[in-house]
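**Q** One structure, pasted below without further comment.
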Amino acid sequence: MQQQKKQQRISVLFMFYSILFCVCLITANVLETKQISLGPANMTAGLIVFPVSYIINDVVCEVWGYGRTRMLIWLGFAMNFFFVTMGAIADWIPGASYWEGEEGFHQIFGLAPRIAGASFLAFVCGSFINAYIMSRMKLSSNGKNFSFRAVLSTIGGELTDSIIFFPLALGGVIPWEEMPSLVITQVTLKTVYEIIVLPVTIRIVKFTKEHDHEDVYDNGMVYNIFKLNLD
């Protein structure tokens, strides 16, 4: 009896979302070096792109499930780590005697190990919390109320991210009494961002499901973040 191997189709849309996810994380790292003001609130410029990674997280988890999202998160982590490492090495190598951009280059790529470590840990924890909430709520709601699930998962993920990042990266640098307001401001602004673009996110999810004929429910899912296969 001839056995046939089941071939797994590679989704072009999933590849596109994966590339965009990694680009958003790397771009956010560069933009984080600039401080901006929006009205009375001060923040980093990374705010304009970082929430997009959570939107992609929601789309992938909603369409392909937690297993595929888990792979996406670790892929983003690896690509971001590669970028930061190469930037640090380039920053460490002495510049040419005629080059005058050393200071500006260092401000962008000379990320302190403390900040880099806090950023990576916060990203992994926040992203997995976001994906876990999306997955579990989809099961409990039988796939209904995507908007509510997307917003709630973003609040959970962004709150986790901010609670980890700011104390580890900036504790002792800024007054501790300022930490709660800083965390709340970041989470609020990023959540508002998600709500504003939610109509677009809903259309993307609908298009992706129809295009790929996928709508995964994570029945029996093992939520171990280190289990890297798609099951």
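**Q** Using only Cα atoms and rounding to the nearest 10 degrees, what angle (0 to 90) does helix 12-31 make with the longest principal axis of the chain?
**A** With rounding to tens, the tilt is 20 degrees.
**Q** Sequence neighbours fewer than 8 away in the same chain don't count; with that in mind, list the aspartates and glutamates whose C-alpha is under 12 Å from LYS190.
**A** GLU158, ASP161
**Q** Exposed loop sites here are chymotrypsin sites (Phe, Trp or Tyr not before Pro) in DSSP loop states with at most 10 other C-beta atoms within 10 Å. What is the longest stretch of the chain lacking them?
**A** Counting at most 10 other Cβ atoms within 10 Å as exposed, the longest clean stretch of the chain is 100-225.
**Q** Can I ask one more? Would you work out which of GLN107, SER127, GLY46 lies farthest towards the positive end of the dipole of segment 1-134, given +1 charges on the beta-carbon of Lys and Arg and -1 on that of Asp and Glu, about the Cα centre?
**A** Result: SER127.
**Q** Turning to a different aspect of this structure: Can you tell which of LEU31, THR208, VAL84 lies farthest toward the positive end of the dipole of the chain, using +1 and -1 charges on the Cβ of basic and acidic side chains (Lys, Arg; Asp, Glu)?
**A** The Cα lying farthest towards the positive end belongs to THR208.
**Q** Please state the shape class of segment 2-96: rounded when a/c is under 1.5, otherwise prolate if a/b exceeds b/c and oblate if not, all from the C-alpha gyration tensor.
**A** oblate
**Q** Related question: Check ILE36: other-chain or 5+ apart residues with amide H under 5 Å from its amide H, H built from backbone geometry?
**A** Residues meeting the criterion, in which the H sits 1.01 Å from N, are MET43, THR44, ALA45.
**Q** Right, something else. For the chain, report the accessible area per residue in Å² (1.4 Å probe, heavy atoms, rounded to an integer). Kindly include the intermediate steps, with their values, before the conclusion.
**A** Values: 13210 Å² over 231 residues.
About 57 Å² of surface per residue is accessible.
**Q** If you place +1 on the Cβ of every Lys and Arg, -1 on the Cβ of every Asp and Glu, and leave all else neutral, what size is the dipole of the chain about its Cα centre, to the nearest 20 Debye?
**A** My answer is approximately 980 debye.
**Q** Could I ask something else about it? Relative contact order, percent, of the chain when contacts are C-alpha pairs under 8 Å separated by at least 6 residues?
**A** Answer for the chain is 25 percent.
**Q** Keeping the other protein chains in place, figure out the carbon and sulfur percent of the accessible area of the chain, with a 1.4 Å probe.
**A** Taking all protein chains in place, the chain shows 67 percent carbon and sulfur surface.
**Q** Go through segment 201-212 residue by residue and turn each phi into a ³J(HN,Hα) via Karplus (6.51, -1.76, 1.60, θ = phi - 60°); whole Hz please, and just put x for glycine and proline.
**A** 4, 4, 5, 5, 4, 4, 4, 5, 4, 5, 5, 9
**Q** Please report, in debye to the nearest 20, how large the charge dipole of segment 75-176 is about its Cα centre when each Lys and Arg carries +1 at its beta carbon and each Asp and Glu carries -1 there.
**A** That gives a dipole near 840 debye.
**Q** I would also like to ask the following. Which of ASP161, ASP218, ASP91 moves most in a GNM of the chain, Cα contacts under 10 Å?
**A** ASP91
The values are calculated or read from the model by the stated rules, or taken from the named source; none is laboratory data. The shown structure was predicted, so the numbers you read here are calculated from the model rather than taken from an experiment. Cβ coordinates were reconstructed from backbone atoms using ideal geometry, including for glycine residues, and neighbour counts include every protein chain displayed. Protein only, heavy atoms only, side chains kept; ligands, DNA and RNA dropped before computing areas. Shrake-Rupley method; radii C 1.70, N 1.55, O 1.52, S 1.80 Å.
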